[in-house]
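Here is the structure we will look at.
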Amino acid sequence: MAQSFLRTVVFLLLGVVFSLMACSNAQLSADTPAKGGVPGPVAAGWSRHSDPTGFSVDTPSGWTVTTDRQFGRITIAGRQGEQLTIWPIFVRDRQLDRNGAGAVLQQLARKINASLPWGKPEISANMARVIARNAQRNGVTLLSWRISPSGTAIYVYGIEAAPNVYRASVDTFTGILGSFRIQGVATDVGSTAKSASPQTYSFVRWTDPRENAFSINVPQGWNTVGGLYRLSATDVRPSLQLLSPDHQIWVFVNDASIGIFMQPSQMLMRSGFREGSMYPLPDGSKIAVRRYLPGQQFAQEYVESVMRRRCGDLRVLSSSSRPDLVSAYRAELISEGVPGGNPQVTAGDVSFTCSVRDKSSTPATPMRGYVAAGTVSLSVGQSPLWFAQRIYGYFAPAERQAEADAVCQQAAKSFQLNPQWRMKQREISAATVQQDNQRSQQIRSRAMAAIAQDQRQTSEMISSSYAYRQKTLNETSRREENVILGTVDVVDPNSGKQYKIAYNSDYHWMSDRGYIAGTQTATSPGEGWHQMIDLP
């Protein structure tokens, strides 16, 4: 009677723990990221384990935390043989109901400990439990689930220990489970988030390799593409693109494909140069005639034109002005000695969502993005000039938005022109000697080719990474679905056709008439049967 009462208490405590976690953490699903609540202080004699796979948990001194990276199962072991299991799971494209919950729970309980005699599932609302006890160990496994349009989010909790330890450990079990926090996002069956915390990055100073024109902070180990692109003596464009090691996060600071614009004027119109035309400069290069765009509008247009080429289903979430950036950009212009009196400076930003799909028919990857831009208008001559003082942003999987934002902000804030290069460039700009037009055009052509090549290389790396990522996710989903449903994928070597069958045999066979059978040994069921291939 006492043991039954204690098991009930543990069940109720775990139910409270899950309810608290459900309030502090967003649901685990493919389209709703899981977010960690703010961890409380660590209790005396306990320590906090922050795992790189995306969670934190507090444990008493001497306890160990291990993670099965293949299946996302977390095991916490005590000094007296106590064991807790936390298993966040997402099953794609399947809606779990009360009838299926019990069967799934029994499968998972046996995966946690096959030696315990798990009892009949008890189901209440969207929670289920099974209890086991023998002379050596007592245990309980809980399952809670939530249905979404894209599948079912599942949390599994298991605790077990020797009977006397089990009875004395209720407070410890509750404290551990209550401290558990998801710090990233689980988007696949059984997988916890694998995104690194932005604070873990080690930033290094990167210097323009072409002319030593600028330097910037970049995460160590990231792919860095760009530098200063010189299109003419006066048309110079610093630009940088950063790619995470897995090529899934793209961060950029400035865009070398965007140059200086000339605002339309009566003088230009009388000369036949209307908006959209190209006005020739003395050195042989040309400048686009285009009306001035405030920073916020420029950022939104950049998202609609450039980002839409990278992903589909683009939707703008917000668009706002950034007066804080205006003051910073104005100070930069003054320090650089930009001509034109009092320049007009505006700034704004845009955040958006979209999706990336590879060439196969696999589900699209949800993405999040951000672009900030400042634009400057200079009253020089009868036709004012304008340009983007700074444009920066990122493009990343939805669950890694915080990571991308941290890298982007650090890079943008750390961008700095080399004072020696800037002085040299002023001398070049002040010189009135006209370059040979043919040589100038060659310089411009080479620079534009370099810009296009760098952008193409970056795009190809990003595209290949998402194709590989989707393939990996699909394979992980297949394997984890088999774990949940107790099935195995087999292939008929004669036809190449794939089947999903119950996992209750070690060897699988198909008859000449198309029947499938399983055996525990490698002996054929009889004449007319051939062995099928089990997929890993």
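Summary table below
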| quantity | calculated |
| --- | --- |
| Gln520/Arg48 FRET efficiency (R0 41 Å; Cβ-Cβ; nearest 0.05) | 0.35 |
| Spread of Cα-to-Cα distances over 5 Å intervals beginning at zero, given as percent, for segment 207-322 | 2, 9, 14, 16, 17, 18, 12, 7, 3, 1, 0 |
| Using a Förster distance of 30 Å, the FRET efficiency for Met269-Gln344 (Cβ separation, nearest 0.05) | 0.90 |
| Arg98/Lys413 FRET efficiency (R0 56 Å; Cβ-Cβ; nearest 0.05) | 0.60 |
| Amide N proximity, segment 247-281 versus Asp324 label position 7 Å along Cα-to-Cβ, cut-off under 20 Å | 252-254 |
| Anisotropy class of segment 487-534 from Cα gyration tensor, a/c 1.5 cut | oblate |
| Highest to lowest packing among 161-169, 201-209, scored as the average C-beta count within 10 Å | 161-169, 201-209 |
| Calculated P(r) tail over 21 Å for segment 44-180, as whole % of Cα pairs | 43 percent |
| Label point distance in nm, Ala162-Thr64, each placed 7 Å from Cα along Cα→Cβ | 1.8 nm |
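Bear in mind that the values in this text are calculations on the coordinates, not laboratory data. This is a predicted model, so every value here is computed, not measured. For neighbour counting, all protein chains shown are included, and Cβ atoms are generated from backbone atoms with ideal geometry for every residue, glycine included.
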